[in-house]
Amino acid sequence: MQLPVNPLSRRSVLAGAVATMSLTAVAACSDSSGGSGSGSSGGTLTVGFDNEPLTLDPALSAAISSDRNVLNLFYDTLLRQQRDGSFEPALAESWKENGRTITFKLRKGVKFHDGTPFDAEAVVFNLRRVMDPATKSTKAAALAKISDVKAVDAVTVQITLKNQDPLLMVNLAHEAGMMASPAAVKKHGVGYGRKPVGTGAFTFETWRSKVQLIAERNKTYWAKASDGSALPRLDKVIFRFVTEAKVLRTELATGGVQLVRTLPPEEFKQLESNSAVSVKDEGVRRAYYVALNVTRPPFNDPAVRAAFAQAVNREAVGKAAAGNEFDVAPSFATKSDWFYDGSLAPLPYDPKAARKALTEARGGKGTNITILARRRAPDPTIAELLQNQLKEAGFTVKVEVLELQTMLERLLNQDFDAGMLVIDIPRLDPSLSFNPYFSSDGANNWSGLKDTKLDGLLEKALNTDDKAVRKQAYVDVQRRLLDQNYWVFLHQPKSPLIHSSKLKGVALDVDGQVRLDNAHLSS
């Protein structure tokens, strides 16, 4: 998947777009499954899903790599972003820019799932809610450059910016721009995240934690397919929460589920000869990393972080966890990303140098650390391999395997030494990868970074749409991360789209998350 080098320049081109188009044109960001606007309708799709959300409130969603797979069922945004970087109308029929002002004309007649109207006041409510510090929204930074948002009339919304924001449209096309029912948010308060109400293709039915989530067809959905037929096609979607990769692979092979979010290479390779299953590489990768907690010993010492980095054999980790189905890169960048720089490299694997550096840094004292890993293959295996590698360098390592929610809570509270996780890449803009994790006020700043130089580089990249300036800023961000060894980036296994051959019309967002508006099961 080749991503555009400057998708943001398309904002002005599309400013007057009129949405007489179908949802297929609007939403089918990458339809690799065949079929759009025709085919069977009805039926129930069961999805095997390894990342149960913590909340279905998009303003509070923190799992950037997975939550949108579920949120896309219930919510629409004002506009949608295609995989070529362009923007298409959704809840907004058109928009135009005038200096620092953007005016959206909204689609008429759309209602939330609770029957309340979607209108300009609803847009104002949602955007202000994200911007309000009291909400503690994980998406607040995405709208930080908005100075005011107001309803001009029932179908017109005007956004005024403090200064230039080349990423506003990108952010409005993602969680920060998802429209929730104001009435439902007010009614349920802190419990809203368990009872989502949007304008999306599916309505919420039930959610049993650690078991499944069920969504039903929105019979009054505003969008139509290219042939004029109603969407969505599916009667029901069931997300079954299964973290064991072998179980997911077996369920897919036997028809228990028809779609999985991801499988490690050791599992999906076993399905490639199965004609009942489609396995297609869409360019999505999974970037494994180890975040180091710099707020306390031992990793508040740069020398200890450097010793950790030198003790890790990334190629060995990749081969053990992903066979030959992986890439190695120095950060979240993939080799096809416009901000990738082949001259950047982490410290080389050198266990003897790591042991020497650790001994000098610690004065001969023992260095006991715990690595947190998620209870999902192949994460515990990777953590155990790291444990053995780090032992050669003089670290004494304990591996603690946790459920995702517990692990995220520990990371958010900086109650850890080292935490190993993974995100899906590429994302259309590097700000969606780097800013949440490495800015001082980032929602996923696991390491507790307070690096003014890093903040300055991230801010510089956000304040211009000049591609050359942005690229240099993000190259410098990556260089800073490598110089300081805040994180150790491991490998990038392939993450193909995997589903039953009977499932057609699955679309992918710009960063590989599924849309099921047009999905259907053939007989």
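For the stretch 477-523, what D do you get in µm² per second when you plug the Kirkwood radius from alpha-carbon pairs into Stokes-Einstein at 37 °C and 0.692 mPa s? The estimated diffusion coefficient comes to 234 µm²/s. Between the stretch 177-255 and the stretch 53-75, the C-alpha centres lie 11 angstrom from each other. Summed over the residues of the stretch 283-406 and divided among them, the accessible surface reaches 41 Å² per residue at a probe radius of 1.4 Å. For the stretch 44-199, taking Cα atoms only, Rg and Dmax work out to 15.0, 47 Å respectively. Derived from the Cα gyration tensor, the three semi-axes of the equivalent ellipsoid of the stretch 403-510 are 27, 22, 12 Å, largest first.
Element breakdown for the chain at a 1.4 angstrom probe: carbon and sulfur atoms account for 48% of the accessible area. The candidates Phe241, Phe87, arranged from most to least accessible area with a 1.4 Å probe in the full protein assembly, appear as Phe241, Phe87. Annotation: average projected area of the chain is 22.1 square nanometres, based on the convex hull of Cα atoms across all directions. The accessible-area ordering, largest first, of the residues His188, His520 stands as His188, His520, per a 1.4 angstrom probe. With axes computed from alpha carbons, what is the tilt in degrees of helix 120-131 against the longest principal axis of the chain, rounded to the nearest 10 within 0 to 90? The angle comes out near 10 degrees. Alpha-carbon geometry of the stretch 198-337: the Rg and the Dmax are 21.1, 63 Å, given in that order. For the stretch 347-474, taking the reciprocal of the average inverse distance between every pair of different Cα atoms yields a Kirkwood hydrodynamic radius of 16.9 Å.
When the trypsin sites (Lys or Arg not before Pro) in the stretch 434-502 are filtered for DSSP coil states and for at most 13 other beta-carbon atoms within 10 Å of their beta-carbon, the remaining sites are Lys450.
The residues of the stretch 481-523 present an accessible area of 21 Å² per residue when probed at 1.4 Å with all protein chains retained. Compared with the dominant Cα axis of the chain, that is its longest principal axis, helix 351-362 is turned about 80°. Between the C-alpha center of the stretch 433-460 and that of the stretch 357-385 there is a gap of 24 Å. Take the chain, mark every one of the GluC sites (Glu not before Pro) that falls in a DSSP loop and has at most 15 other Cβ within 10 Å, then report the longest stretch left between them, sites excluded. Result for the longest clean stretch: 1-243. Within straight-line reach of Lys453, meaning a Cα separation under 18 Å, sit the following lysines at least 8 residues removed in sequence or on another chain: Lys471. Backbone phi angles across the stretch 98-111, fed through the Karplus curve with coefficients 6.51, -1.76 and 1.60 (θ = phi - 60°), yield HN-Hα couplings of 9, x, 9, 10, 10, 10, 9, 9, 8, 5, 8, x, 7, 10 Hz in residue order; Gly and Pro are listed as x. What you get for the chain, charging only the Cβ of Lys and Arg (+1) and of Asp and Glu (-1), is a dipole of about 360 debye around the Cα centre. If you fit an axis through the alpha-carbon atoms of helix 302-311 and take the longest principal axis of the Cα set of the chain, what angle between them do you get, 0 to 90°, nearest 10? Helix 302-311 and the main axis of the chain meet at about 90 degrees. Volume per residue for the stretch 174-274 equals 163 cubic angstrom (convex hull of Cα atoms). Computed with a 1.4 Å probe over protein heavy atoms only, the accessible surface of the stretch 146-282 comes to 41 Å² per residue. Computed on the stretch 51-129, the Cα convex hull volume stands at 129 Å³ per residue. Straight-line reach from Lys219: taking Cα to Cα under 13 Å and skipping same-chain neighbours fewer than 8 places apart, the aspartates and glutamates in range are Asp114, Asp235, Asp517. Dipole magnitude for the stretch 272-347: about 280 debye, using +1 per Lys or Arg Cβ and -1 per Asp or Glu Cβ, origin at the Cα centre. Annotation for the stretch 188-271: trypsin sites (Lys or Arg not before Pro) lying in DSSP loop with at most 12 further Cβ atoms inside 10 Å of their Cβ are Lys210, Lys219. Of all lysines in the structure, those lying under 24 Å Cα to Cα from Lys210, and not within fewer than 8 positions of it along the same chain, are Lys195, Lys236, Lys246. Between the residues Gln484, Thr452, Ala507, the greatest Cα displacement towards the positive end of the dipole of the stretch 445-523, with unit charges on the Cβ of Lys, Arg, Asp and Glu, is found for Ala507.
Based only on Cα atoms, what Rg/Rh ratio does the stretch 296-366 have, Rh being taken as Kirkwood's radius? Using Cα coordinates only, the ratio equals 1.06.
The values are calculated or read from the model by the stated rules, or taken from the named source; none is laboratory data. Values in this document were obtained by computation on a predicted structure and should not be read as measured data. Using ideal geometry, Cβ is built from the backbone for each residue, glycine included, and neighbour counts are taken over all protein chains shown. Accessible surface is based on the protein model in full, side chains and every heavy atom, while ligands, DNA and RNA are left aside. Shrake-Rupley method; radii C 1.70, N 1.55, O 1.52, S 1.80 Å.
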